[in-house]
1. Return the only residue of HIS104, HIS76 being touching a residue at least 60 places away in the same chain (Cβ under 8 Å) and surrounded by fewer than 18 Cβ atoms within 10 Å (Cβ to Cβ).
2. Exactly one condition in (1) of a type in the set (Phe, Trp, Tyr); (2) under 24 Å from TRP27 (Cβ atoms); (3) not in a loop (DSSP other than H, G, I, E, B) is false for TYR225; which is it?
3. Please specify each residue of the stretch 147-160 satisfying the condition of being polar (S, T, N, Q), farther than 20 Å from PHE69 by Cα and touching a residue at least 40 places away in the same chain (Cβ under 8 Å).
4. Looking at the stretch 235-279, which of its residues are assigned to a strand (DSSP E or B), farther than 22 Å from TRP41 by Cβ and either in contact (Cβ under 8 Å) with a residue 60 or more places away in the chain or touching a Lys or Arg at 6+ places or on another chain (Cβ under 7 Å) (or both)?
5. Just checking, which of LYS12, LYS64 is touching an Asp or Glu at 6+ places or on another chain (Cβ under 6 Å), of a type outside the set (A, V, I, L, M, F, W, C) and in contact (Cβ under 8 Å) with a residue 40 or more places away in the chain?
6. Just wondering, is there one or more residues in the stretch 203-218 that are farther than 26 Å from LEU13 by Cβ, over 14 Å from the mean Cα position of the chain (by Cα) and surrounded by 15 or more Cβ atoms within 10 Å (Cβ to Cβ)?
7. Please go through the stretch 44-63 and pick out each residue that is in a loop (DSSP other than H, G, I, E, B) and surrounded by 17 or more Cβ atoms within 10 Å (Cβ to Cβ).
8. Anything in the stretch 258-272 that is crowded, with 19+ Cβ neighbours inside 10 Å, of a type in the set (Val, Ile, Thr) and within 14 Å of THR240 (Cβ to Cβ)? List them, or say none.
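The values are calculated or read from the model by the stated rules, or taken from the named source; none is laboratory data. On a predicted model such as this, the values are computed, not experimentally measured, just so you know. Glycine gets a Cβ as well: all are built from the backbone with ideal geometry, and neighbour counts include every protein chain shown.
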Amino acid sequence: MKISVVHAGLFKLDGGAMFGVVPKKMWGKIIESDENNMVTWATRSILIEQGDRKILVDTGIGNKQDDKFRSHFEPHGDMDLMGSLMEQNINPEEITDVFLTHLHFDHVGGAVYIDKDGKFKNTFPNATYWSNKKQWNWAMEPNMREKASFLKENFVPLQDSGRLKFIDVQRDPVKWMDNLDVHFTYGHTEAMMILHAQTERGPLVFCADLMPSVHHIGLPYVMSYDIRPLNSLEEKEALTTGALEGNWNLFMEHDANNEVCTVKKNERGRIVIDKIFNW
């Protein structure tokens with residue numbers, strides 16, 4: 001198995017929203033914000049090459065939304081999804097599978113593009129796209145809290161193309177493919193999928209929005225976007241405990257500066273960051 005980091009660009013979100021009940025007086029010490037309280041975050045994917053498969057995990061924001069939408073999130077940076085793949089000599093046609101942790105715009109936006117005739121097309125035409133039935137139904141009939149994050153042009157074309165499949169949400173965890181297991185979480189959104197990969201370098205967990213950055217290691221640091229924050233607390237505790245006991249490498253999808261971390265217990269018995277490194 002070979003795992004490569006794929007950079008899909010940077011964007012901005014409100015710092016207060018990203019850290020929930022934690023006051024800026026505290027989170028402002030660990031991360032910078034601009035004059036509008038906006039913090040820069042990454043959209044960072046991974047490419048898993050195993051046997052005859054090339055599996056992309058999440059696809060970033062994409063580039064089909066209008067200027068008004070983009071002004072709210074200020075996408076920026078020199079790298080985008082396709083450019084990052086091309087740097088690794090990967091063509092879109094080579095991707096066999098796209099694993100979508102959930103269907104929020106910053107995770108699925110790059111899955112679909114608009115062609116020169118104004119039609120929605122799959123970015124990876126030969127790929128099978130993977131979600132689950134619970135998340136799909138949740139996104140198709142969104143609650144008011146998440147409605148702005150579920151943009152149907154990002155994912156309905158996948159179903160219309162016949163290239164969408166669902167992972168069995170009734171089993172948890174699911175052995176999805178060789179060396180790849182899927183766990184489901186319910187704090188951030190309904191049935192978000194956390195991918196666990198068994199690699200030669202040890203277990204790698206793609207944390208998605210359960211733990212978007214190393215700054216969210218502390219249990220109270222839960223995003224205001226989460227629909228069930230108490231579930232998020234429990235799920236984060238299970239994740240960090242598992243990482244401590246199993247020597248897991250935690251992959252951060254949204255951390256603008258840090259890709260991977262491990263954890264340890266400090267002298268007060270709390271689970272904290274141990275090492276930070278690039279994969």
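1. Working: HIS104 fails: surrounded by fewer than 18 Cβ atoms within 10 Å (Cβ to Cβ).
The conditions single out HIS76.
2. Of (1) of a type in the set (Phe, Trp, Tyr); (2) under 24 Å from TRP27 (Cβ atoms); (3) not in a loop (DSSP other than H, G, I, E, B), only one is false for TYR225: (3).
3. Our first condition is that a residue be polar (S, T, N, Q); within the stretch 147-160, this holds for 149, 154, 159.
So of that shortlist, the ones also farther than 20 Å from PHE69 by Cα come out as 159.
Within the stretch 147-160, none qualify.
4. Of all residues in the stretch 235-279, those assigned to a strand (DSSP E or B) come to 249-251, 260-265, 271-277.
Next, only the ones that are farther than 22 Å from TRP41 by Cβ stay: 264-265, 271, 274.
Passing the criteria: ILE271, ASP274.
5. Details: LYS64 fails: touching an Asp or Glu at 6+ places or on another chain (Cβ under 6 Å).
Selected residue: LYS12, the only one of LYS12, LYS64 that is touching an Asp or Glu at 6+ places or on another chain (Cβ under 6 Å), of a type outside the set (A, V, I, L, M, F, W, C) and in contact (Cβ under 8 Å) with a residue 40 or more places away in the chain.
6. The first filter runs over the stretch 203-218 and keeps only residues farther than 26 Å from LEU13 by Cβ, leaving 203.
From what is left, the residues that are over 14 Å from the mean Cα position of the chain (by Cα) are 203.
When the remaining residues are screened for being surrounded by 15 or more Cβ atoms within 10 Å (Cβ to Cβ), the result is 203.
For the stretch 203-218, residues farther than 26 Å from LEU13 by Cβ, over 14 Å from the mean Cα position of the chain (by Cα) and surrounded by 15 or more Cβ atoms within 10 Å (Cβ to Cβ): present.
7. Just the residues of the stretch 44-63 that are in a loop (DSSP other than H, G, I, E, B), to begin with: 51-52, 58-63.
Passing the criteria: ASP58, THR59, GLY60, ILE61, GLY62.
8. Initially, the stretch 258-272 is screened for residues crowded, with 19+ Cβ neighbours inside 10 Å, giving 259-261, 263, 271.
When the remaining residues are screened for being of a type in the set (Val, Ile, Thr), the result is 260, 263, 271.
Answer for the stretch 258-272, where residues must be crowded, with 19+ Cβ neighbours inside 10 Å, of a type in the set (Val, Ile, Thr) and within 14 Å of THR240 (Cβ to Cβ): VAL263, ILE271.
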